[in-house]
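Notes follow the structure.
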Amino acid sequence: MSGSQTLVVKLGTSVLTGGSRQLNRARMVEIVRQCAQAMNDGHRIVVVTSGAIAAGREHLNYPELPPTIASKQLLAAVGQCRLIQLWEQLFAIYGIHIGQMLITRADMEDRERFLNARDMLHALLDQRILPVINENDAVATAEIKVGDNDNLSALAAILSDADKLLLLTDQQGLFTADPRYDPDATLIEDVYQIDDSLKMMAGGSVSGLGTGGMATKLQAAEVACRAGIDVIIAPGDQPIVIHRLLHGQKAGTLFHAQEHRLESRKHWIFGASPAGSAVIDAGALTALLERGSSLLPKGITEITGNFSRGEVIAIRDPQGNDIAHGVSRYNSDALRMIAGKHSQSISEILGYEYGAVAVHRDDMIVG
């Protein structure tokens, strides 16, 4: 494939350590060399790196710490300094400057913070500076964590308008069964749809070093593919894997992007955990799924949770299944008051109105 591409490269802890207790400098140099070659060829590279906690343990000589969140945050705080310093030293060998971005889910959920993060990321890329992204583990709580760097990398791919997302792992790709236990397991080279049967094939993380397994990689692939981004799960110890992928050659498992790429203004909705939900009736369900309509108050039967105007909510069918996510034009109290009512009544009921719809189609992702 010719032409300049934007590639997000996600590096798991097991890839950076080579399965050992400490960062494998030789492995990291090889990855840096590949990234540098790609940049010299005119491509834009973003790195999403794990390994902060592993780096912290190594630097502090594997201390005995209580199994608390504070201990992990301590290791992350120490390790993040070491990790970014190491990346800086290695990329400097090739004359490449890096810029650190530490983000949490909260940065993706808020529209303004999302746009700020996107602008900063593009500014780095425009100046040929390689962004190195990690979750801000030292301050993140469970409520604001993305949770793993697989899903973080999907959000980074959306932020950077990436063409491809490469998830480097200690496996060859996605198999029909776990190849560590099933000798008949075969590599799946192409995936066009991520369904329940595929998700059942994904095992958990067994290295004990990272937070992600194959299941989180499928979640990340699903998010990125819906945003129009190809996703590849490939082995991190392959010497020219980045070059091969940028030139359209086979490696690992390729998840093909959905043909209808979401408009960029909708991308941030992917990063937002729903603040509440609206259950809709059968008529509204048909209008949303078959006619591409907005959600009107009249079609809402129930509101759950407490949320503000402008927050993302889940839209659920009468059976309670999520069928869409969208930005609510009204807060939860207002929606409870106007649910089931005609749009013409909104002003009379509330004493004000923000338009006739509860969730506009332009601010909604269906499916």
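The values are calculated or read from the model by the stated rules, or taken from the named source; none is laboratory data. Because the structure is a prediction, the values reported are computed rather than measured. Here Cβ is always computed from backbone atoms with ideal geometry, including for glycine, and neighbour counts include all displayed protein chains.
Under 6 Å between Cβ atoms, which residue pairs at least 6 apart in sequence (or on different chains) link something in the range 106-134 that is farther than 25 Å from P274 by Cβ with a partner that is in a strand (DSSP E or B) and among the charged types (D, E, K, R)?
L125/R44
Could you tell me which of the residues I303, I323, I313 is modelled with pLDDT of 95 or more and in the same structural domain as T286 (by TED's automatic domain parsing)? Working first, answer last.
On the way: I323 fails: modelled with pLDDT of 95 or more; I313 fails: modelled with pLDDT of 95 or more.
So the residue among I303, I323, I313 that is modelled with pLDDT of 95 or more and in the same structural domain as T286 (by TED's automatic domain parsing) is I303.
Looking only at the range 157-192, count every residue that is crowded, with 19+ Cβ neighbours inside 10 Å and within 15 Å of the chain's Cα centre (by Cα) and tell me the total.
Residues that pass the stated criteria total 11.
Filter the range 103-121 down to the residues that are among the aliphatic types (A, V, I, L, M) and surrounded by fewer than 18 Cβ atoms within 10 Å (Cβ to Cβ), then identify the one that is nearest to R25 (Cα to Cα). Outline the logic, then answer.
Looking only at the range 103-121, we keep the residues that are among the aliphatic types (A, V, I, L, M), and these are 103, 106, 108, 115, 117, 120-121.
Keeping just the survivors that are surrounded by fewer than 18 Cβ atoms within 10 Å (Cβ to Cβ) gives 115, 120.
Details: L115: 35, M120: 29 Å.
Restricting to residues being among the aliphatic types (A, V, I, L, M) and surrounded by fewer than 18 Cβ atoms within 10 Å (Cβ to Cβ), the top hit is M120.
Taking L350, is it aliphatic (A, V, I, L, M), in contact with a strand residue (DSSP E or B) (Cβ under 6 Å, 6 or more places away or on another chain) and surrounded by 14 or more Cβ atoms within 10 Å (Cβ to Cβ)? Break it down stepwise before answering.
Working: aliphatic (A, V, I, L, M): yes; in contact with a strand residue (DSSP E or B) (Cβ under 6 Å, 6 or more places away or on another chain): no; surrounded by 14 or more Cβ atoms within 10 Å (Cβ to Cβ): yes.
The answer is no for L350.
Any chance you could count how many residues in the range 325-367 are farther than 14 Å from G299 by Cα and of a type in the set (A, V, I, L, M, F, W, C)?
7
Considering only residues that are assigned to a helix (DSSP H, G or I) and not hydrophobic (A, V, I, L, M, F, W, C), look in the range 2-30 and name the one that is surrounded by the fewest Cβ atoms within 10 Å (Cβ to Cβ). Step through it out loud before you land on a result.
Taking the range 2-30 as the starting set, the residues that turn out to be assigned to a helix (DSSP H, G or I) are 13-17, 25-30.
Filter again for not hydrophobic (A, V, I, L, M, F, W, C), leaving 13-14, 17, 25, 27, 30.
Numbers: T13: 24, S14: 24, T17: 23, R25: 13, R27: 17, E30: 18.
Here the answer is R25.
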